[in-house]
1. Being closer than 25 Å to residue 53 by Cβ and of a type outside the set (Lys, Arg), is that true of even one residue in region 301-310?
2. Are there any pairs with C-beta distances below 6 angstrom linking a residue in region 132-160 that is farther than 20 Å from residue 54 by Cβ to a residue that is of a type in the set (D, E, K, R), with the two at least 6 apart or on different chains, and if so which?
3. Any residue at all in region 272-281 that is part of a helix (DSSP H, G or I), assigned by TED's automatic domain parsing to the domain that holds residue 96 and farther than 30 Å from residue 67 by Cα?
4. Please list, ordered by first then second residue, the pairs with beta carbon atoms under 6 Å, 6 or more apart or interchain, first in region 382-394 and closer than 18 Å to residue 471 by Cβ, second at pLDDT 90 or above and part of a loop (DSSP other than H, G, I, E, B).
5. Starting from residues that are small (Gly, Ala, Ser) and in contact (Cβ under 8 Å) with a residue 60 or more places away in the chain, keep the ones in region 278-303 and report whichever is nearest to residue 446 (Cα to Cα).
6. Can you go through 333, 308 and tell me which one is over 30 Å from residue 455 (Cα atoms), assigned to a helix (DSSP H, G or I), at pLDDT 95 or above and not aliphatic (A, V, I, L, M)?
7. Say we look at region 387-416 and pick out the residues that are surrounded by 14 or more Cβ atoms within 10 Å (Cβ to Cβ) and among the acidic types (Asp, Glu); which of these is farthest from the chain's Cα centre (by Cα)?
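The values are calculated or read from the model by the stated rules, or taken from the named source; none is laboratory data. A quick note: this is a predicted structure, and the numbers were derived from the prediction, not measured. FYI the Cβ positions are ideal-geometry reconstructions off the backbone, even for glycines, and counts take in every protein chain you see.
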Amino acid sequence: MKNYFSGENLSQDPVHGYIPFSSAGGGFAASACPPAFSGEVFERDIIDSPWVQRLRQIHQLQTAWLVYPSAEHTRFQHSLGAMHLASKMLQQLYPSLADVCAEQGETLPGKPYLESLVRMAALLHDIGHGPFGHFFDARYLSQFSINGLPLNHERLGAEIIRRELAPLLGRIRRNPNGILAETETLDPEQICFLIVRPAKKEEGKTENGKLWLKLLRSLFSGLYTADNMDFVLRDAFMTGYSTKAFDLDRLLHYSFFTKHGLTIHQRGFAALTRFLSVRAELFRSVYFHRTVRAMDIALGALFAESKDLFFPGNPLEHLAEYRHFTEWSLLVDVSRWDISPSARKRDLAPAWHDFLQRKIPLHPAAETTAVFNAGDREQTSVFADEDSFRRAIAAHLPESMRSVPFEVDIARHLHRPDAHRPAAWQNFLYEPVTEKIRLLEEEELFRHIPQSYRICRIYTQYAEQIAPLAAALDALTHTGSEDDETNM
């Protein structure tokens with residue numbers, strides 16, 4: 001009797017249901033599938049590798065898990081979910097991708113190759129993250145550079161793939177839906193290309209003459225991607241915001257490739273705008289929650305004083321150490337600084353203990369939201385950066401209070417890229433009536449979506465300063481207390 005269930009494992013996921021991945025387990029050679037190739041590496045081998053397993057020790061939500069008790073999910077769970085969505089996207093988009101390449105006279109690799117490529121890119125897209133995710137990018141990795149660009153988790157992740165995982169990736173031969181052709185070998189450099197966002201606008205350009213590779217990149221750095229669709233669904237579910245945040249199936253059903261890029265049919269446009277609005281609301285309600293941002297401010301101050309004690313330097317020069325450097329290792333480390341032989345660590349220990357116990361000395365005093373539409377001069381407003389905002393608030397305080405210490409925070413969310421951003425060229429709209437393909441920015445309803453907003457907050461350590469600071473913000477924005485959000 002044939003064994004129809006060997007050759008793959010299933011991971012049960014609260015968001016996507018069952019997530020299949022290839023595996024050598026279960027007597028593979030006797031299965032209905034072709035036997036394992038000599039030296040073959042399976043998806044399970046990549047998942048079980050120390051670099052991917054390391055992501056179990058890094059929270060998906062950098063500090064929001066300290067505010068939302070159920071949001072204990074990690075980058076590991078998210079990476080499996082993104083891999084699963086990458087498969088669904090490839091399955092849906094392959095026919096149109098094949099048509100576009102045929103029209104352009106370009107030879108397309110086999111469907112199993114493309115699916116394995118996007119699956120591995122999605123699985124590994126966060127492989128370079130450090131403790132506290134994007135916070136670590138800004139507060140630590142950015143002090144280093146690679147190829148003239150600031151180091152971030154994407155560029156670091158690409159180096160980890162090249163130096164550590166490339167030999168394994170090149171021996172992958174199958175995914176749950178197909179087997180690579182004998183002449184095909186998964187190219188780690190193509191995975192690196194997919195996971196690193198373009199540093200500049202690349203309209204009309206292809207990667208080494210490969211239009212298909214440029215098109216597939218939009219599954220990782222466009223408006224809706226395997227990455228952000230999974231984290232919106234997962235974060236909404238795990239925080240209790242929503243069990244079904246948007247209509248994933250409709251959004252994917254009406255998506256296809258044209259020579260211009262990833263295109264959505266008019267019938268799927270409402271699903272796209274729903275996704276964008278839910279993502280924006282998650283930023284407002286979860287990622288930019290007032291207590292979350294207060295914790296980020298406190299963590300930022302601690303990092304400024306402690307970061308050279310965490311790690312020996314540039315992770316590019318210390319990959320072996322970086323593999324063991326996680327949120328768990330950092331938090332366990334600082335929790336023991338009170339008994340460290342280092343006087344400097346002992347001095348910093350009380351502040352770290354307060355953070356671990358969620359004792360944040362900052363009270364929200366006032367808040368407003370600045371919304372920017374296309375053409376607005378966002379960078380020249382008083383909300384352009386924290387220094388400008390702080391000076392503007394100080395100028396509206398009574399003379400006697402202008403030396404009062406307070407903290408400001410500006411949390412910016414980009415609803416949609418403007419025409420000058422690198423990702424702007426990747427998403428298009430198809431209108432069935434006119435049979436025209438246009439940039440999404442040309443759609444009237446899309447133009448009504450704000451380009452970005454900034455939640456601008458003031459924090460203080462002293463309760464008696466809340467009213468004067470709130471009044472200063474009120475004077476600055478010229479809004480009445482009934483219309484603003486200063487009491488949130």
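1. Looking through region 301-310, at least one residue is closer than 25 Å to residue 53 by Cβ and of a type outside the set (Lys, Arg).
2. So the pair list comes out as 146/155.
3. There is no residue in region 272-281 that is part of a helix (DSSP H, G or I), assigned by TED's automatic domain parsing to the domain that holds residue 96 and farther than 30 Å from residue 67 by Cα.
4. These pairs meet every condition: 389/383.
5. Going through the qualifying residues, I end up with 280.
6. Values: 308 fails: at pLDDT 95 or above.
Exactly one of 333, 308 is over 30 Å from residue 455 (Cα atoms), assigned to a helix (DSSP H, G or I), at pLDDT 95 or above and not aliphatic (A, V, I, L, M), namely 333.
7. 407
Yes/no matrix, rows are residues, columns are (1) within 30 Å of residue 291 (Cβ to Cβ); (2) modelled with pLDDT of 80 or more; (3) out of contact with any His (no Cβ under 9 Å at 6 or more places or on another chain):
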site	(1), (2), (3)
414	yes, yes, yes
428	no, yes, no
435	no, yes, yes
461	yes, yes, no
485	yes, no, yes
